[in-house]
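Asks: The structure's right below; bear with me while I get my questions together.
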Amino acid sequence: MERNIGFKERRYIEELRILTRATALDCVIDDRFDRVIYVIRQGDMGLAIGKKGENIKRLQNVLGRRIEMVEYAEDPVLFITNIFKPAEVIGIERGAEEGPVNVLVNKKSDLGIAIGKAGCNIEKARILCRRFCNLEIGEVLLAEGSE
């Protein structure tokens with residue numbers, strides 16, 4: 001999937017920059033889950049969130065949608081780990097050459113967090129990995145020998 005940033009996405013990125021002084025590399029408007037997903041430049045995550053999540057709350061009031069933020073990383077494994085936070089991802093498992101990659105979590109409690117309510121977190125990971133890493137996310141699995 002190619003990264004196309006339309007007028008609305010540019011407006012949302014500019015709104016984030018004005019309110020938080022943080023730089024967003026990309027913005028995805030997810031109508032299915034009624035949210036806006038920002039990919040924030042590495043190191044700008046603290047600025048984007050603000051004290052006690054103040055900037056996110058202000059942005060939600062301005063845009064009228066739920067806001068989610070992911071910190072960008074050049075390394076695909078680190079980027080996937082950032083997407084699934086606060087779940088603790090311990091690695092990714094690559095299957096066939098062009099096949100989907102599976103995400104491994106350490107705890108059973110992290111499995112539910114990684115998948116999300118109605119699959120919203122796994123869907124966010126699929127969208128962002130297609131746009132940035134040319135990877136397909138398969139499943140979220142519990143690592144062997146874990147709790």
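Asks: Can you find, within the stretch 103-120, the residue that is nearest to I29 (Cα to Cα) among those that are part of a strand (DSSP E or B) and of a type in the set (V, I, T)?
Replies: V103
Asks: Output the number of residues of the stretch 137-147 satisfying the condition of being of a type outside the set (A, V, I, L, M, F, W, C) and either part of a strand (DSSP E or B) or modelled with pLDDT of 90 or more (or both).
Replies: Final tally of qualifying residues: 2.
Asks: Now a separate question. Consider E123 carefully, then state whether it is crowded, with 16+ Cβ neighbours inside 10 Å and within 26 Å of L25 (Cα to Cα). If you could, list the steps in order and put the result at the bottom.
Replies: Values: crowded, with 16+ Cβ neighbours inside 10 Å: yes; within 26 Å of L25 (Cα to Cα): yes.
Yes; evaluated as a whole, the condition is true for this residue.
Asks: Would you check which residues across the stretch 1-22 are buried (at least 17 other Cβ atoms within 10 Å of the Cβ) and touching a strand residue (DSSP E or B) at 6+ places or on another chain (Cβ under 8 Å) and list them?
Replies: Hits for the stretch 1-22 are E9, Y12, I13, L16, A22.
Asks: Based on what the data block shows, is L128 at pLDDT 90 or above and either among the polar types (S, T, N, Q) or surrounded by fewer than 15 Cβ atoms within 10 Å (Cβ to Cβ) (or both)? Outline the logic, then answer.
Replies: Values: at pLDDT 90 or above: yes; either among the polar types (S, T, N, Q) or surrounded by fewer than 15 Cβ atoms within 10 Å (Cβ to Cβ) (or both): no.
No: the conditions fail for L128.
The values are calculated or read from the model by the stated rules, or taken from the named source; none is laboratory data. Every value quoted in this text rests on a predicted model; they were computed, and no experiment measured them. Positions of Cβ are backbone-derived with ideal geometry, glycine not excepted, and every protein chain shown enters the neighbour counts.
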